[in-house]
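Here's the structure we're looking at; comments come further down.
The values are calculated or read from the model by the stated rules, or taken from the named source; none is laboratory data. Owing to the predicted nature of the structure, the values given are computational and were not obtained by experimental measurement. Every residue, glycine among them, receives a Cβ derived from its backbone with ideal geometry; neighbour counts consider all protein chains shown.
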Amino acid sequence: MTPPVLRYRSTTDLCDSWGTIYGGRLLMQLRLMSVSRCFLPDFAPWISNPSGNADIDINKTPDLRRLGWASGCPSSSPLRRVPDPYAQPSVEELHAATPKTFIHDHLSSMNPCDHKSHAWLNGYLGNYDIGPAPQSVIHPSFSMSVTTLHSDILAVASENWTEDVGDDPEWDDKTDERMLWRGTNTGMLLQERLPWMLSQRIRMVLQGAQTEGEYSVLKPLPANVKVEAMNVSAEILGETLMDAMFAGGPVQCFDGLCEKMEEMFEFAGRMTFSEANNYKYVMDVSFSY
């Protein structure tokens with residue numbers, strides 16, 4: 001077997017004084033790599049002068065803005081290209097946006113880099129305004145929920161495990177075909193400085209109790225049939241499809257917002273497993289992500 005050929009490219013002129021120094025270093029690097037060249041294909045390593053030879057245009061300074069969560073996104077991503085990172089999305093405009101589509105790739109649909117409104121519409125991210133600056137020291141971290149912006153190791157909240165689920169009828173014997181949700185208003189701290197009205201649980205319960213207006217929705221149809229959006233009354237959607245309410249009372253609220261929550265929402269009593277099991281559909285709206 002003939003060893004592969006190592007060819008080099010250098011950004012240093014070997015004929016000048018710097019080339020005398022770095023030309024020797026270049027050859028030493030080639031000798032070092034030659035030890036493993038039998039295991040490598042032919043390639044041309046780019047060995048650069050450490051001085052950089054970079055030109056800096058003093059009229060074009062680097063972008064030193066605080067980017068928050070966008071710092072973890074590619075420079076070409078929608079969240080990174082937002083002109084004003086402090087501009088919050090309009091829920092009404094998002095609902096009115098066209099065309100309407102079903103989700104094809106669930107994981108990609110949760111990526112805030114590609115879907116810039118996620119940075120505000122989820123309490124996990126919205127709790128930090130536009131987001132913190134990148135950390136200079138990174139440690140392995142276990143989390144109960146992760147985002148596509150993080151590399152946390154996913155753990156399980158084992159304290160919520162239970163084997164006692166009450167009476168659970170067979171599917172055909174369940175009597176309520178609405179989607180059930182019960183929970184608290186956790187997910188984002190209710191403070192005046194935070195956009196808590198945009199958090200996922202607040203938006204869901206508000207939408208379920210809405211009595212005015214319409215929503216453009218997609219109706220599932222058989223295969224090979226073109227799906228078109230149709231306008232449906234918000235009240236009919238809420239009454240027919242959802243049973244979503246906060247349970248107990250407001251929590252994690254400051255600046256007089258507990259009282260405001262009590263004015264805005266009707267709080268239901270807590271539901272037993274047996275009661276919940278009468279519903280065919282249960283919605284999981286995590287308070288974290």
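For first residues located in segment 145-163 and over 15 Å from Trp69 (Cβ atoms), partners that are not hydroxyl-bearing (Ser, Thr, Tyr) and lie 6+ apart or on another chain with Cβ distances below 7 Å form the pairs Ile153/Pro140; Ile153/Phe142; Leu154/Val146; Ala155/Phe142; Ala155/Met144; Ala157/Met144.
Please verify whether segment 81-95 includes one or more residues that are of a type in the set (D, E, K, R), touching a residue at least 12 places away in the same chain (Cβ under 8 Å) and surrounded by 10 or more Cβ atoms within 10 Å (Cβ to Cβ).
Within segment 81-95, the subset of a type in the set (D, E, K, R) is 81, 84, 92-93.
Okay, now just the ones that are also touching a residue at least 12 places away in the same chain (Cβ under 8 Å), so none.
No, because not a single residue in segment 81-95 is of a type in the set (D, E, K, R), touching a residue at least 12 places away in the same chain (Cβ under 8 Å) and surrounded by 10 or more Cβ atoms within 10 Å (Cβ to Cβ).
Per the conditions (1) in contact with a helix residue (DSSP H, G or I) (Cβ under 9 Å, 6 or more places away or on another chain); (2) surrounded by 15 or more Cβ atoms within 10 Å (Cβ to Cβ); (3) of a type in the set (S, T, N, Q), the sole criterion not satisfied by Gln191 is (2). Scanning segment 161-175 for any residue that is modelled with pLDDT of 95 or more and surrounded by 15 or more Cβ atoms within 10 Å (Cβ to Cβ) turns up nothing. Selection of segment 98-111 for residues being outside any helix (DSSP H, G or I) and either of a type in the set (Lys, Arg) or surrounded by 11 or more Cβ atoms within 10 Å (Cβ to Cβ) (or both) yields Lys100, Met110, Asn111.
Against the conditions (1) modelled with pLDDT of 75 or more; (2) assigned to a loop (DSSP other than H, G, I, E, B); (3) assigned by TED's automatic domain parsing to the domain that holds Thr148, Pro41 satisfies every one except (3). Filtering segment 234-261 to residues that are surrounded by 15 or more Cβ atoms within 10 Å (Cβ to Cβ) and more than 18 Å from Met283 (Cβ to Cβ) leaves Pro250, Gln252, Cys253, Leu257, Cys258, Met261.
Out of the residues in segment 143-160 that are of a type outside the set (S, T, N, Q) and either surrounded by 10 or more Cβ atoms within 10 Å (Cβ to Cβ) or in contact with a Phe, Trp or Tyr (Cβ under 9 Å, 6 or more places away or on another chain) (or both), which is nearest to Pro85 (Cα to Cα)? So, considering only residues that are of a type outside the set (S, T, N, Q) and either surrounded by 10 or more Cβ atoms within 10 Å (Cβ to Cβ) or in contact with a Phe, Trp or Tyr (Cβ under 9 Å, 6 or more places away or on another chain) (or both), the one nearest to Pro85 (Cα to Cα) is Leu149. When Pro140 is tested against (1) without any contact (Cβ under 8 Å) to a residue 40 or more places away in the chain; (2) of a type outside the set (Ser, Thr, Tyr); (3) closer than 30 Å to Pro222 by Cα; (4) in a loop (DSSP other than H, G, I, E, B), only condition (3) is not met. Of the candidates Gly208, Gly131, Gly213, the single residue that is crowded, with 16+ Cβ neighbours inside 10 Å and farther than 26 Å from Val82 by Cβ is Gly208.
With respect to Val205, is the statement that it is farther than 28 Å from Ser141 by Cα, in contact with a helix residue (DSSP H, G or I) (Cβ under 8 Å, 6 or more places away or on another chain) and in contact (Cβ under 8 Å) with a residue 40 or more places away in the chain true?
no
Reported count of residues in segment 192-213, each being under 17 Å from Glu262 (Cα atoms) and touching an Asp or Glu at 6+ places or on another chain (Cβ under 6 Å), is 1. Contact map, segment 214-231: residues that are modelled with pLDDT under 85 paired with residues that are assigned to a strand (DSSP E or B) and exposed (fewer than 12 other Cβ atoms within 10 Å of the Cβ), Cβ distance under 6 Å, separation 6+ or inter-chain. No pairs are found.
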